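The values are calculated or read from the model by the stated rules, or taken from the named source; none is laboratory data. Please read these numbers as outputs of a predicted model, since none were measured by experiment. Cβ atoms come from the backbone with ideal geometry, glycine included; neighbour counts cover every protein chain shown. For the accessible areas, the whole protein counts, side chains as well, though only heavy atoms, and no ligand, DNA or RNA atoms are used. Shrake-Rupley method; radii C 1.70, N 1.55, O 1.52, S 1.80 Å.
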Amino acid sequence: MRRFLKAMLATSVLAVALVVVAKPTSAASLTQVTNFGNNPSNLNMYIYVPNNVAAKPALLVAIHYCTGSASALFNGGFHDYVTAADQYGYIIVFPEATRSGQCFDVYTSQALTRGGGSDPVGIMSMVNYTKSHYNIDSSRVFVAGASSGAMMTNVMAAEYPDVFAAGSAMMGVPATCFATTGSSTWNSDCANGNITKTAQQWGDAARAMYPGYSGSYPRMQLWHGTADATLNYHNFGEEIKQWTNLKGVSQTPVSTDSPQSGWTRTRYGNNTTQAPVEGISISGLGHSLPMAGTVAYAISFLGLNGSSPTPTPTPTATATPNPNGTISINSGGSATGSFTADQYYSGGSTYTTTNTIDTSQISGSVPPTAVFQSERYGAFTYTIPNRTPGSAQTVTLYFAETYVTAAGQRLFNVTINGSTVLSSFDIYASAGGQNRAIARTFSTTANSSGQVVIGFVSGTENPKVNGITVAPGSGPTPTPPVTPTPPPPTPTPTATPTGATTISINSGGSATGSFTADQYYSGGSTYTNTATINMSQITTNPPPAAIFNTERYGAMTYTIPNRTAGRSYTVTLYFAETYLTAAGQRLFSVSINGTSVLSSFDIYAAAGGQNRAIARTFTTTANSSGQVVIAFTAQTENPKINGITVTG
């Protein structure tokens with residue numbers, strides 16, 4: 001089968017979504033299982049069982065892309081599922097294809113018939129093995145995959161609808177679309193988007209995979225980039241036809257929105273997080289899923305986080321503020337000091353820690369330390385009632401980063417009554433490290449319902465908050481005084497540059513030498529390698545060789561802030577081709593502040609081979625916002641970058 005383009009190797013620092021979890025004392029690991037049952041196509045089985053596995057855990061079957069492996073998916077694009085498993089206690093099975101090219105069989109008649117043989121039978125043996133060895137909740141068995149794995153997700157959900165509750169397919173095709181005859185493993189008509197059927201025809205094709213079945217079919221979430229040149233975007237619409245027919249709902253969406261820039265989400269059947277069918281298309285994206293933030297939406301759709309809007313508890317005498325009075329809430333925790341137990345929230349989950357918290361950056365009346373040892377995280381909203389409509393209110397949000405260990409690992413947004421007050425907020429960077437408490441204070445006006453609505457929106461990781469105080473905008477504030485937080489401490493070399501300072505970034509990696517950990521990016525995924533890099537072509541100020549063992553790839557942008565508007569800067573981009581093996585396999589473009597600087601750029605050809613480091617240097621002028629914006633655009637393959645230096 002023709003090799004799919006590499007599309008997903010994200011590291012655990014992007015917890016897509018990504019979930020805040022307690023690090024176990026002895027980390028669980030990906031483990032191979034042998035002799036798991038009938039395995040006609042010689043698949044490998046790997047399993048991840050978190051240390052804190054639930055008493056009755058859900059099961060996720062996570063299926064890799066062509067040329068992929070269980071470990072690549074585990075450590076890469078699907079690692080956010082792993083992070084979530086550590087929190088929610090579910091188990092993940094990673095099937096691994098062993099045939100040439102490591103694609104899954106979604107094309108033979110055996111694979112497209114329930115119990116017919118090939119990969120689906122082996123995957124079902126893995127499911128049954130896991131059920132027999134763990135107390136799996138049979139009502140919460142899910143399947144997810146990317147590219148070839150997404151195609152298999154459609155096949156497994158259609159072929160075993162009585163086994164799977166829901167699926168999430170990133171860059172797939174309808175079940176049976178890829179069917180071939182003879183020994184062929186590639187269906188060009190399907191791949192190129194040349195197959196069109198009615199919803200009834202697609203539904204009937206899926207039903208024929210399990211003749212006689214009359215029960216319900218799994219819910220399905222479908223993802224696709226509009227510029228996908230490997231599995232044409234046309235297949236996205238055909239998948240929607242198939243699954244709306246199988247679910248018995250209209251092909252007309254009940255809702256259409258844009259949860260992130262460039263995304264279009266349509267829901268079919270109902271407008272809930274776990275709709276019968278959900279489609280998300282991403283404008284201009286090629287065969288490059290998952291990308292930052294996508295897995296978080298998949299986790300919520302599947303229900304792996306067990307989250308649903310949580311009813312607001314009945315207010316007690318200590319919890320309900322007097323009209324327009326002060327209310328302080330211990331997010332995720334019980335009452336402590338002047339802070340009430342967690343209330344007035346919808347969505348999200350809770351987490352506690354015993355970490356020692358440094359509260360020295362909070363002036364005035366400091367909340368109890370216990371506030372920073374509990375949190376609410378995920379996609380959630382606080383709706384604070386009993387304000388006077390139109391009255392001025394002061395909102396103080398309390399944070400401490402107790403889990404991630406570097407700047408750039410958790411970025412999220414916060415809105416208050418619909419206005420963004422924090423964008424790409426990084427607790428670790430703002431506080432200057434882990435376990436350091438900070439506060440952010442804002443002014444707002446109570447809405448017409450007498451509410452202050454605080455929304456937390458995922459970026460590279462789950463948003464989180466430790467405590468909230470809402471007080472009248474004028475007059476004394478009983479608990480605690482809402483004092484603007486002083487600026488963060490003097491930045492270390494990994495922190496924010498100033499207008500005349502050189503900033504060097506290790507794309508996709510941690511700090512090394514004079515290069516900071518990856519930061520200031522939007523989009524893309526990360527990948528690491530252990531190749532030995534030939535540095536001989538970079539003769540002036542060569543960076544550490546380690547930066548060429550990490551990368552960010554995909555449709556992405558780096559926005560380097562804190563430059564001086566209108567000032568001239570020199571941008572150096574560092575590359576090494578560590579994956580592809582010939583010229584012409586990866587072509588992409590790069591622009592800086594809207595001006596194209598590299599067109600149809602081929603790292604392999606430019607460097608003269610694989611694992612050879614090169615640099616390209618350009619002069620630009622900081623934009624009116626004092627930024628240098630570097631954008632990477634896919635052509636025949638994902639763009640990639642190993643390191644960036646901006647100086648001037």
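DSSP beta bridges fully contained in the chain are about 80 percent antiparallel. Scanning residues 5 or more positions from THR445 or on other chains, those with amide H under 5 Å from its amide H are GLN393, with H placed 1.01 Å from N in the peptide plane.
Within the chain, how many Lys pairs sit with Cα atoms under 18 Å apart, leaving out pairs fewer than 8 places apart on the same chain? Counting lysine pairs in the chain gives 5.
Going by the alpha-carbon gyration tensor, a ≥ b ≥ c the square roots of its eigenvalues, is the range 156-278 rounded (a/c under 1.5) or, if a/c is not under 1.5, prolate (a/b greater than b/c) versus oblate?
Cα axes put the range 156-278 in the oblate bin.
From its DSSP helices (H runs of at least four residues, each -39,500 (n - 2.57)), the chain gives a residue-normalised ellipticity at 222 nm of -4000 deg cm²/dmol.
Amide H contacts of GLU551: TYR527, each under 5 Å away and 5 or more positions distant or on a separate chain (H built 1.01 Å from N in the peptide plane; Pro and chain starts excluded).
The convex hull built on the alpha-carbon positions of the range 527-648 has an orientation-averaged projected area of 7.0 nm².
Working note: Karplus 6.51/-1.76/1.60 with θ = phi - 60° gives the range 99-116 the couplings 6, 4, x, 6, 8, 8, 7, 10, 10, 7, 5, 5, 6, 9, 10, 4, x, x Hz, where Gly and Pro are set to x. Rolling a 1.4 angstrom probe over the protein heavy atoms with all chains in place gives the chain an accessible area of 35 Å² per residue.
Report, to the nearest whole %, how much of the accessible area of the chain belongs to carbon and sulfur atoms, 1.4 Å probe, protein only. Whole-percent figure for carbon plus sulfur exposure: 48.
Each of the peptides 67-76, 463-472 was scored by the mean count of other Cβ atoms within 10 Å over its residues; in descending order, highest first, they stand as 463-472, 67-76. Solvent-accessible surface (1.4 Å probe) assigned to THR264 amounts to roughly 60 Å². Each of the peptides 87-93, 443-449 was scored by the mean count of other Cβ atoms within 10 Å over its residues; in descending order, highest first, they stand as 87-93, 443-449. Across the range 587-601, in residue order, what do the Karplus-derived ³J(HN,Hα) couplings come to in whole Hz, using 6.51 cos²θ - 1.76 cosθ + 1.60 with θ = phi - 60° and x for Gly and Pro? Values, residue by residue: 10, 8, 10, 9, 10, 10, 6, x, 9, 5, 10, 9, 10, 6, 6 Hz. Amide H to amide H distances under 5 Å link ASN435 with GLU401, THR402, where only residues 5 or more positions off or on other chains count and H is placed in the peptide plane. Annotation for THR256 and ALA531: the two label points, set 7 Å from Cα along the Cα-Cβ direction, are 4.3 nm apart. The alpha carbon centroids of the range 225-295 and the range 60-103 are separated by 22 Å. Here the chain is assigned +1 on the Cβ of each Lys and Arg and -1 on the Cβ of each Asp and Glu. Its dipole about the Cα centre then comes out at about 340 debye. Among the trypsin sites (Lys or Arg not before Pro) within the range 535-627, those in coil by DSSP and having at most 14 neighbouring Cβ atoms inside 10 Å are ARG567.
For the range 339-413 and the range 168-206, what is the separation of their Cα centres, given in Å? Spelled out, the Cα-based centre of one part sits 47 Å from the other. 3J(HN,Hα) along the range 448-464: 5, 8, x, 10, 10, 9, 10, x, 10, 10, 5, x, 7, 8, 4, x, 8 Hz, from the Karplus curve 6.51 cos²θ - 1.76 cosθ + 1.60 with θ = phi - 60°, whole Hz, x for Gly and Pro.
Specify whether the C-alpha gyration tensor of the chain places it in the rounded, prolate or oblate class, a ≥ b ≥ c being the square roots of the eigenvalues: rounded for a/c under 1.5, otherwise prolate if a/b is larger than b/c and oblate if not. It is oblate, given that a/c is not under 1.5 and a/b is not larger than b/c.
Relative contact order for the chain: what percent, with Cα pairs under 8 Å and sequence separation of 6 or more?
With pairs under 8 Å counted, the relative contact order is 11 percent.
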